[in-house]
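To start, the structure under review is shown below, and the notes come after it.
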Amino acid sequence: MEESDSAYDVDSTIFSPDGRLFQVEYARETVKKGGTTIGLKFNNGVLLLAYKDIYSTLLELNSIEKISKINNNIGYAYIGLSADARHLLDYAKTEIANNYIWYEDQIPIKTLVENICEYKHIFTTYYGLRPFGVILFIAGVDMKGVNLYATDPSGAFLEYKVVFEGKNSSKLVSFFNKHYKIDLDKKIALKLGIEALKKTMNKKISIPNIEIAIIEKNKPFYKLTENEIKKLL
């Protein structure tokens, strides 16, 4: 960073002369240090897969959840700061509850993502706040069909067929370009997701470190057990 940029380094609300928001960029750097997380659509639903990088054998792995249910038809996975992710999960649940109070109906997933991202964006526009150091994948099934969105620390979001973030995830670009097809069935999609996780590892995959969730049409959010993951591997 040049010396002239130093005045813009401490505040997420001020653009540097070359048009950068450094605090947002730093938030993205936080995300890159997390374990690889993947979302991919298949013909009747969407998968979320995450690898938990654990640096101490003293930790209880079950106390760390990178993938969670928001409601029966929506799930999320995060990469980055767990405290930020937990706060946004609570916010998402509040938005769902408020929508049901007002309209007596399930919130469309895109509307939920828009509300979350408007909230995230606020933290890049006020002095004294910092951006959320987390990327959320929001996945689920609604009246529109199968949905998979990624939300950025800046408050931007995009919909994807396949999305991945975290450590070594750049290795997956050519892999998915070669092997992914939108009409995959669930079994093939699970195999593809696990193969993708393996590609980002420099060591043998440990089953307790893997989380996998499935959201299908007309079925509730379901998170695989360790035994089910072991059979897949």
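The values are calculated or read from the model by the stated rules, or taken from the named source; none is laboratory data. All values derive from a computational prediction rather than experimental measurement. Neighbour counts are summed over all protein chains in view; Cβ atoms, including those assigned to glycine, are modelled from backbone coordinates with ideal geometry.
Could you tell me whether the range 205-226 includes any residue that is among the basic types (Lys, Arg), modelled with pLDDT of 95 or more and not in a loop (DSSP other than H, G, I, E, B)?
yes
Only one of these conditions is not met by Tyr78: (1) over 24 Å from Leu224 (Cα atoms); (2) at pLDDT 95 or above. Which number is it?
For Tyr78, the failing item is (1).
Picking from Leu190, Leu197, Leu136, which residue would you name as being closer than 20 Å to Ile107 by Cβ, crowded, with 21+ Cβ neighbours inside 10 Å and either in contact with an Asp or Glu (Cβ under 6 Å, 6 or more places away or on another chain) or not acidic (Asp, Glu) (or both)?
Checking each option against the conditions leaves just Leu136.
Just a yes or no: is a residue in the range 70-88 part of a helix (DSSP H, G or I), touching a residue at least 12 places away in the same chain (Cβ under 8 Å), within 16 Å of Val134 (Cα to Cα) and of a type in the set (A, V, I, L, M, F, W, C)?
Taking every residue of the range 70-88 in turn, at least one turns out to be part of a helix (DSSP H, G or I), touching a residue at least 12 places away in the same chain (Cβ under 8 Å), within 16 Å of Val134 (Cα to Cα) and of a type in the set (A, V, I, L, M, F, W, C).
Taking Ser169 as the residue in question, decide whether it is polar (S, T, N, Q) and crowded, with 19+ Cβ neighbours inside 10 Å.
yes
Can you name every residue in the range 27-79 that is among the aliphatic types (A, V, I, L, M), surrounded by 17 or more Cβ atoms within 10 Å (Cβ to Cβ) and touching a Pro at 6+ places or on another chain (Cβ under 8 Å)? Give the steps one after another, and end with the answer.
Of the residues in the range 27-79, the ones among the aliphatic types (A, V, I, L, M) are 27, 31, 38, 40, 46-50, 54, 58-59, 61, 64, 67, 70, 74, 77, 79.
Keeping just the survivors that are surrounded by 17 or more Cβ atoms within 10 Å (Cβ to Cβ) gives 27, 31, 38, 40, 46-50, 67, 70, 74, 77, 79.
Once the filter is applied, which keeps residues that are among the aliphatic types (A, V, I, L, M), surrounded by 17 or more Cβ atoms within 10 Å (Cβ to Cβ) and touching a Pro at 6+ places or on another chain (Cβ under 8 Å), the range 27-79 yields Ala27, Val31.
Could you tell me which residue of the range 88-131 is nearest to the chain's Cα centre (by Cα), considering only residues that are at pLDDT below 95, within 30 Å of Arg20 (Cβ to Cβ) and aromatic (Phe, Trp, Tyr)?
Phe123
Output the residues belonging to the range 179-217 that are more than 24 Å from Leu61 (Cβ to Cβ) and without any contact (Cβ under 8 Å) to a residue 12 or more places away in the chain. Outline the logic, then answer.
Residues of the range 179-217 that are more than 24 Å from Leu61 (Cβ to Cβ), as a first pass: 179-189, 192, 216-217.
Within the range 179-217, Lys181, Lys187 qualify.
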